[in-house]
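Reading through the structure tokens given below for one structure.
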Amino acid sequence: MLPEHAPFTPDQRRILDSLLPDFAPVQAGWLSGYLAASAAAPAASLAPPPAGKLLVLFGTESGNSETLADRAVKEAKKRGFQASMTNMAESSPSELTQAANLLVIVSTWGDGEPPETATTYHHDLMSAELALKDLRFSVCALGDTSYEKFCQTGREIDARLQALGATRVAGRQDCDVDYEQDFCGWLDRALTALAPTMPVAAQGSAAAVPAAFGFGKKNPYPATLLESVLLNGRGSDKETLHFGFSLAGSGMCYEPGDALAVVPRNAPDVVRAVLDAAKLSGEEEIITKSSAHRRLADALGEDLDITALSRAVLTKLADATESAPLHALLAEDSKDRLKMYLHGREIVDAIEEFAPNGLPADALAGIFRKLPPRLYSIASSPLLHPDEVHLTVAAVRYQAHGRQRKGVCSTYLADLVKPGDKVPVFVQPNKNFRLPADGSAPVIMIGPGTGIAPFRAFVEHRAALGASGRNWLFMGDQHYLYDFLYQLEWQDHLKSGALSRLDVAFSRDQPEKIYVQHRMMQRARDLYAWLEEGAHFYVCGDATRMAADVHEALVSIVQTEGSKSREAAESYVEDLRKSKRYQRDVY
């Protein structure tokens, strides 16, 4: 029986008094040791004390920022934070006045633009007058060093938060496409700065890379190429191919609107040109970041981005060569000249010009970044093509500065991979480009060129689901006879009713060029009527001109057919975007 002075309540005493007499000596001894060990355990092994509320705000184009935001929330919760995450697309800068601790994870899209879904948030933050003196923050910016305005959106948000009075607790981290190590280091620094009194044992875990589960970015699936079909007719100036891959046994799944990431290899002739420029044989051995020994030619072919020329690459080359002309090109007062130099050139051109005597193997390898995967919009429905995934890819080939150029991944698929070969791939979800949940909702799709890819998936998927909603497709290319991609399939869908309307724009079949935005304007009344009936509006393809022209046409149609002012029409279109009835997948 327990003594009277034992520190238990009456109810606890009754329970223990009923249990203890029945324990065998070995059981009592084990329990005694277990309780003693638990009492002696260091405080750091216990659950961390509350560290306050933390908001993780993300802006994403391809889904990477959202994935990292989710990881940040999970790590923050381990450290005692009451952490939550929110998408810039579903938030307002005014909500920051209610936050105490903030982590921002945001990508930069194209040449310095915010992600599609974060455009409004970014604009509002840049113009808002908020008092954020009680806010502590840190920013992780995702970007691509091949673009001049690397991580521009993250830089702007970081500077703006400070200008509004917020306190930066950890310096901004700018991440290239290979962001894992930089992200983990930033997250650990930021969380430590936000909760400096956390037990030591609870800190530092953010740097650990999560174990791979199945196939994904860290463990691409070797998909077998099932078919490669040229979609253009003889006489076309284009080379657009349809690729079908097997996903059987991979466990990977996708939805229409997602992308497939392809991990390419550099072409042998491109590798040879770089080696010749550096005056190396390729048999030299280098030491990689993981301290592994690697044959130089193999590293150039499989691991490194040896084509994309950027300021970052030139800076490393300048350090390796001490070239005075190159340092002059990189000077602050030579930005315009640098921009002109970068246009159309590749790394091999810079090596030839600024390292005429060649480079040591380690110095050459040191100027390159890791070869990034390429994302392609998926062109198939998993319901119609189980265990398969299809892509629509335009092979990129052109001449510039006296040398033939070619796209790394598009020509890897077109030239180097044959049916039966295996290609490393993984699925990149795109939650910002989804069919409406309501199968009865009308859908309008604008997809010139290879922008047609996700809409092939959309129409297939809605047909397989038996969705009752009408589907209207605007597609375009150069010539009707040569470039009508998937023509027979669209005609079959029109016959079956899966496709309600089809408008085509072949730009080179008449003296004046006709594009999809012109067809939209010609169908303005019906298009606006569909929008008023709840239609979802989708755009996929070139971001440089097409997407802006289509957007302008959409605003103009709303203004004219809705008898609205320009401002009211822009507000109407913005409301479509906010309600996710206007979605774009542009590149």
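The values are calculated or read from the model by the stated rules, or taken from the named source; none is laboratory data. All values derive from a computational prediction rather than experimental measurement. Virtual Cβ from ideal backbone geometry, glycine too; neighbours counted across all protein chains shown.
What to note about this one:
- Residue in the stretch 544-554 that is of a type in the set (A, V, I, L, M) and touching a residue at least 40 places away in the same chain (Cβ under 8 Å) present: yes
- Residue that is surrounded by the fewest Cβ atoms within 10 Å (Cβ to Cβ), among those in the stretch 437-483 that are without any contact (Cβ under 8 Å) to a residue 40 or more places away in the chain and more than 22 Å from residue 580 (Cβ to Cβ): 466
- Taken over the stretch 254-299, the criterion of being part of a loop (DSSP other than H, G, I, E, B), surrounded by fewer than 19 Cβ atoms within 10 Å (Cβ to Cβ) and touching a His at 6+ places or on another chain (Cβ under 9 Å) is satisfied by 255 alone.
- Test for residue 141: is it of a type outside the set (Ser, Thr, Tyr), crowded, with 21+ Cβ neighbours inside 10 Å and in contact with a Lys or Arg (Cβ under 7 Å, 6 or more places away or on another chain): yes
- Count of the stretch 427-450 residues, restricted to those that are of a type in the set (Lys, Arg) and at pLDDT below 95, is 1.
- Among the candidates 493, 551, residue that is touching a helix residue (DSSP H, G or I) at 6+ places or on another chain (Cβ under 9 Å) and more than 26 Å from residue 242 (Cβ to Cβ): 551
- Subset of the stretch 226-271 [aliphatic (A, V, I, L, M), more than 18 Å from the chain's Cα centre (by Cα) and under 25 Å from residue 298 (Cβ atoms)]: 267, 270, 271
- In the stretch 534-571, the residues that are assigned to a loop (DSSP other than H, G, I, E, B) and either among the acidic types (Asp, Glu) or modelled with pLDDT of 95 or more (or both): 534, 535, 542, 562, 563, 564, 565
- The set of residues in the stretch 214-253 that are among the hydrophobic types (A, V, I, L, M, F, W, C) and either in a strand (DSSP E or B) or within 16 Å of residue 478 (Cα to Cα) (or both) comprises 223, 225, 226, 229, 230, 231, 241, 243, 245.
One line per residue, one yes/no per condition, for (1) at pLDDT 95 or above; (2) touching a strand residue (DSSP E or B) at 6+ places or on another chain (Cβ under 6 Å); (3) over 23 Å from residue 270 (Cβ atoms):
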{"site": "395", "(1), (2), (3)": "yes, no, no"}
{"site": "412", "(1), (2), (3)": "yes, no, no"}
{"site": "420", "(1), (2), (3)": "yes, no, yes"}
{"site": "425", "(1), (2), (3)": "yes, yes, no"}
{"site": "452", "(1), (2), (3)": "yes, yes, yes"}
{"site": "455", "(1), (2), (3)": "yes, yes, yes"}
{"site": "461", "(1), (2), (3)": "yes, no, yes"}
{"site": "468", "(1), (2), (3)": "yes, no, yes"}
{"site": "472", "(1), (2), (3)": "yes, yes, yes"}
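- Taken over the stretch 156-181, the criterion of being of a type in the set (Val, Ile, Thr) and not in a loop (DSSP other than H, G, I, E, B) is satisfied by 157, 167.
- Being surrounded by fewer than 16 Cβ atoms within 10 Å (Cβ to Cβ), outside any helix (DSSP H, G or I) and modelled with pLDDT of 95 or more is true of residue 356.
- When residues in the stretch 354-391 are screened for being hydroxyl-bearing (Ser, Thr, Tyr) and within 19 Å of the chain's Cα centre (by Cα), 2 of them pass.
- Residue list for the stretch 66-96, filter: of a type in the set (Gly, Ala, Ser) and either at pLDDT 95 or above or over 30 Å from residue 587 (Cβ atoms) (or both): 69, 72, 76, 80, 83, 84, 94
- Residue in the stretch 526-533 that is in a loop (DSSP other than H, G, I, E, B), within 25 Å of residue 580 (Cβ to Cβ) and outside the structural domain of residue 258 (by TED's automatic domain parsing) present: yes
- Taken over the stretch 484-524, the criterion of being aliphatic (A, V, I, L, M), over 20 Å from residue 537 (Cβ atoms) and crowded, with 19+ Cβ neighbours inside 10 Å is satisfied by 485 alone.
- Residues (without any contact (Cβ under 8 Å) to a residue 40 or more places away in the chain and more than 17 Å from residue 552 (Cα to Cα)) located in the stretch 501-525: 501, 502, 503, 504, 506, 507, 508, 509, 510, 511, 512, 513
- Hey, residue 314 at pLDDT 95 or above, among the hydrophobic types (A, V, I, L, M, F, W, C) and not in a helix (DSSP H, G or I) or not: no
A quick yes/no check of all residues on (1) under 23 Å from residue 194 (Cα atoms); (2) surrounded by fewer than 20 Cβ atoms within 10 Å (Cβ to Cβ):
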site	(1), (2)
88	yes, no
99	yes, yes
104	yes, no
119	no, yes
128	no, yes
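- Residue check, residue 302 modelled with pLDDT of 95 or more, surrounded by fewer than 21 Cβ atoms within 10 Å (Cβ to Cβ), in contact with a helix residue (DSSP H, G or I) (Cβ under 9 Å, 6 or more places away or on another chain) and not basic (Lys, Arg): no
- Filter result for residue 581 (touching a Gly at 6+ places or on another chain (Cβ under 9 Å), farther than 23 Å from residue 90 by Cβ and either in the same structural domain as residue 237 (by TED's automatic domain parsing) or touching a residue at least 40 places away in the same chain (Cβ under 8 Å) (or both)): no
- Residue count, the stretch 138-151 (criterion: at pLDDT 95 or above and either part of a loop (DSSP other than H, G, I, E, B) or not hydrophobic (A, V, I, L, M, F, W, C) (or both)): 1
- Flag: residue 67 matches the condition of being outside the structural domain of residue 346 (by TED's automatic domain parsing), without any contact (Cβ under 8 Å) to a residue 60 or more places away in the chain, β-branched (Val, Ile, Thr) and surrounded by fewer than 22 Cβ atoms within 10 Å (Cβ to Cβ).
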